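Down below is the structure, laid out as structure tokens.
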Amino acid sequence: MSKEPIGVVTDLPTWRMAMKLAIRDSRSLLSALEFDPEDFAFSRSAEAQFPVFVPLEFLARMRRNDITDPLLLQVLATATETNESDHFQLDPVGDQLVEVTPGLLHKYHGRVLMIVSGACAVHCRYCFRRHYPYNTAPKSLEDWKPALDYIRSNESVREVILSGGDPLTVTDDRLAELVSHLDSIAHLSRLRIHTRLPVVIPQRIDESLCNWLSSTRLAKWIVLHINHANEIDNNVIQAIRRLQSCGATVLNQAVLLRDINDSLEALEELCERLVNHGVLPYYLHQLDRVSGAQHFEVDESVGLHLVSELAKRLPGFAVPKYVVEIAGEASKTSILSEHRLAFLQ
Ligand code: SF4
């Protein structure tokens, strides 16, 4: 078994071409990693529920012929996804209960979230929105009018989060247009973008994107999604630097995932690499209990132990907040403080 990744991609196609070239089924994914696909019980019915999508740039960071590879395990469709579980739901965080206009979620005070795109540049098998009805979300600026009217008339809203799917799958022309409308709303102060594109297809952070991002008056916060240090190669570091040079503060959120990053070594290496490149490890999420992701769940007691040990090894700013999202709550819930409160009672 080779422990070497397939290799760093140096001659990068445009991000749109990279999307077209992405691997779209488990058999091709396993073949590209030099497995015999016949050896594995990958699941066509899991793929039918949630298709496989893996860009070659992300594949290049996986190890050949290693079924324990932490990047491969995030994207390979397996038969366990089709198992039923009463505690795992289609909408575990209650997104659809807080949709105030098509595609606009108002869950927390002062912030609204726009589902800008249903497309992603990678399909993470544990995704909490893997069952989201993206077909009802707005597609054009005209479709966004009710949402923009809602934001304009609600002065308590200070921050707009562009999310999805991945908002950076949308063309720069359309993003620039949308952001210029947000710019014109005087009571908005911040623009936040939740994206995995700079990680999985780093060439997405190109001049055209930097042009509109640099020109907004809004304070820019980019929240990446990286779960394992092996996801960060030189091309990702370049993409992070470009975002920072556009004036964005870059944060990361990770999900605690069984057999992927549920060890002290994996989390420590991830947090170290992030802060070494000026990225703040913002959240470590307890898995959202979405149907099909049962096999990724790590017990909270294990997560608590890991985060407590991390705090003994890293400076405070490098230790993520360990949180869980509970539908209907006014904010994310800190698992550490809940545990401390229970301990004190
Ligand atoms: S990139 Fe984000 S939204 Fe898309 S599948 Fe992965 S976790 Fe879900």
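Assorted remarks:
- Verdict on ALA176 being modelled with pLDDT of 95 or more and either under 24 Å from ASN252 (Cβ atoms) or polar (S, T, N, Q) (or both): no
- Some residue of the stretch 202-210 being modelled with pLDDT of 95 or more, away from the ligand (no atom under 16 Å from the Cβ) and more than 21 Å from the chain's Cα centre (by Cα): yes
- Any chance SER140 is of a type in the set (S, T, N, Q), loosely packed, with under 14 Cβ neighbours inside 10 Å and over 30 Å from PHE53 (Cα atoms): no
- Filter result for THR195 (within 16 Å of the ligand (Cβ to nearest atom) and without any contact (Cβ under 8 Å) to a residue 40 or more places away in the chain): yes
- Scope the stretch 141-151; condition touching a residue at least 24 places away in the same chain (Cβ under 8 Å) and not in a helix (DSSP H, G or I); matching residues: LEU141, ASP143, TRP144
- Residue match in the stretch 67-75 (condition: modelled with pLDDT of 90 or more, within 16 Å of the ligand (Cβ to nearest atom), assigned to a strand (DSSP E or B) and crowded, with 18+ Cβ neighbours inside 10 Å): no
- Among the criteria (1) without any contact (Cβ under 8 Å) to a residue 40 or more places away in the chain; (2) part of a loop (DSSP other than H, G, I, E, B); (3) within 16 Å of the ligand (Cβ to nearest atom), the one ASN227 does not fulfil is (1).
- Number of the exception - THR82 against (1) buried (at least 16 other Cβ atoms within 10 Å of the Cβ); (2) under 18 Å from ALA293 (Cβ atoms): (1)
- Picking from residues in the stretch 96-130 that are more than 11 Å from the ligand (Cβ to nearest atom) and in a loop (DSSP other than H, G, I, E, B), the one that is surrounded by the most Cβ atoms within 10 Å (Cβ to Cβ) is GLY103.
- Test for HIS285: is it in contact (Cβ under 8 Å) with a residue 12 or more places away in the chain and under 19 Å from VAL75 (Cα atoms): yes
- When the stretch 83-128 is filtered for residues that are within 20 Å of ASP172 (Cα to Cα) and in contact with a Pro (Cβ under 7 Å, 6 or more places away or on another chain), the ones remaining, listed by number, are GLY103, VAL116, SER117, ALA121, VAL122.
- Residues of the stretch 152-174 classified as touching a residue at least 40 places away in the same chain (Cβ under 8 Å), away from the ligand (no atom under 16 Å from the Cβ) and not in a loop (DSSP other than H, G, I, E, B), total: 3
- Here ILE326 meets the list (1) in contact with a strand residue (DSSP E or B) (Cβ under 7 Å, 6 or more places away or on another chain); (2) part of a helix (DSSP H, G or I) almost entirely, failing just condition (2).
Conditions (1) touching a Lys or Arg at 6+ places or on another chain (Cβ under 7 Å); (2) part of a helix (DSSP H, G or I); (3) surrounded by fewer than 18 Cβ atoms within 10 Å (Cβ to Cβ), marked per residue:
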site: LEU209; (1), (2), (3): no, yes, no
site: VAL223; (1), (2), (3): yes, no, no
site: ILE237; (1), (2), (3): no, yes, yes
site: LEU251; (1), (2), (3): no, no, no
site: ASP259; (1), (2), (3): no, no, yes
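- Filtered residues of the stretch 25-53 (kept if closer than 26 Å to THR171 by Cβ and either at pLDDT below 85 or surrounded by 14 or more Cβ atoms within 10 Å (Cβ to Cβ) (or both)): PHE50, VAL52, PHE53
The values are calculated or read from the model by the stated rules, or taken from the named source; none is laboratory data. Everything numeric in this text was worked out from a predicted model, so none of it was measured. Using ideal geometry, Cβ is built from the backbone for each residue, glycine included, and neighbour counts are taken over all protein chains shown.
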